[in-house]
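See structure below.
We did not get these values from a lab; they are worked out from the coordinates using the rules stated. The model shown is predicted, which means the values in this text are computed figures rather than measured ones. Quick reminder, even Gly has a Cβ in these numbers, built from the backbone with ideal geometry, and neighbours come from all protein chains shown.
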Amino acid sequence: MKKAHNFKKVIMIGRTHGQHALPTTLGFKFAVWMRENARNIQRLKQCSDRLLVGKMTGAVGTQASLGRHAWKIQKYVMKKLGIKHADISTQIVQRDRHAEFVCLLALIATTLDNIATEIRQLQRPEIAELFEAFDREKRVGCSTMPQKRDPETCETICGLAKIMRGLVMPSLENIKTWHERDLTQSSAERFLIPEACNIVDYMLFRMVNVLANLKVDEEQMRRNLVITQGRMMSEAVMTALVKKGMNRQEAHELIRKLSSKSELEKCSFKDILINDEKVRKLLIEKEIDEALDPKKYLGTAVEQVELMIKKTRQERQGYK
């Protein structure tokens, strides 16, 4: 929440398909990550009622050996353990519950993988907008290339996410059982459940550290905004033309051709627009400047960040 708030107005280029798209803000990116993690917390809360159950039902689930007070015995034991009893079970609690938990842990791991991948991408020298913290006095970038600052922690998180997703299949396989019970579940669970919990715990620990110490280069973000010489604002210019009465399809085709011309001639998009007769008929230079200003084309980005911070804060208070 803190980073979403602090960077909610810091403009950066948004990217789709790895290409420059439209301006967004760094805080908006943090807010998207924040809400994804918030949903994972909600999922954990929601699955606890299904997961944290026990049973006292005997060899095949019929409670035959417990006598006429079987229900009371089960209720008493579960109360002592502080958990609910399963609605119905065989000799074992059915493993769809365990599978749901491992799948959820894999989902959390993949959320962290997603965040780590984005940081790795934005740390590339040709982008250079976000960086893992790097202790220049103690940390070695590479054994043979001393100039490097590798995003090692994020890479570790991405690698561990692969292992975590690999645990999903055996957890799903554990759902199937021969009749009322066999040993194929517990023999696998002794490894996969502790391993899943340990992996995700470690990933969360490392990601918290990455985000807490993340380095942001706002100046580089501003430089990256102008790489395409204003062409990232093509949609805004097209919208401005439509508002002045030009058919949308016509406006789209015109701006597509003009942005292509700007790219091919390596010329400022503004100069191309000013020198185009169709554009000049509808837009004066001041209006073109306004359409090309990324600060004026953020839509509700800042408002959305503020709303998501408020929502997340309310949810967390509710969990206490």
| query | Counting only the backbone N, which residues of the range 1-44 are under 16 Å from the spot 7 Å out from the Cα of Arg124 toward its beta-carbon? | reply | 13-21
| query | Under a point spin-label approximation (7 Å from Cα along Cα-to-Cβ), what is the Trp178-Cys197 distance to one decimal in nm? | reply | 2.9 nm
| If packing is taken as the mean number of other Cβ atoms within 10 Å per residue, what is the order of 255-262, 282-289, highest first? | 255-262, 282-289
| Point-charge dipole on Cβ atoms (K/R +1, D/E -1) for the range 231-291, about Cα centre, debye to 20 | 140 debye
| message | Strictly over 24 Å apart at the Cα level, which of Lys3/Lys310; Lys3/Lys296; Lys148/Lys266 would you flag in this model? | response | Lys148/Lys266
| note | Ranked output for segments 67-73, 114-120 by mean other Cβ atoms within 10 Å, highest leading, reads 114-120, 67-73
| message | I need Glu303, Glu195, Glu277 ordered by Cβ neighbour count within 10 Å, fewest first. | response | Glu277, Glu303, Glu195
| request: Springs between alpha-carbon atoms under 10 Å, Gaussian network over the chain: tell me which of Asn224, Asn213, Asn37 tops the mean-square fluctuations. | output: Asn213
| said: Please state the shape class of the chain: rounded when a/c is under 1.5, otherwise prolate if a/b exceeds b/c and oblate if not, all from the C-alpha gyration tensor. | reply: prolate
| query | At what distance in nm do the modelled label points of Asn213 and Val77 sit from each other, each positioned 7 Å from its Cα along Cα→Cβ? | reply | 4.9 nm
| said: At 222 nm, what value in deg cm²/dmol follows for the chain if DSSP H runs of at least 4 each add -39500 (n - 2.57) and the sum is divided by all its residues, to the nearest 500? | reply: -19500 deg cm²/dmol
| remark: Between Asp49 and Lys281, the FRET efficiency computed from the C-beta separation at R0 = 56 Å comes out, to the nearest 0.05, as 0.30
| request: Among His17, His252, rank each residue by its count of other Cβ atoms within 10 Å, from fewest to most, as a rough exposure measure. | output: His17, His252
| request: Using the Kyte-Doolittle scale, find the helices of the chain whose mean hydropathy is at least -0.5 and whose Cα atoms extend 24 Å or more along the helix's long axis, counting only whole DSSP H runs. | output: 96-123, 184-212
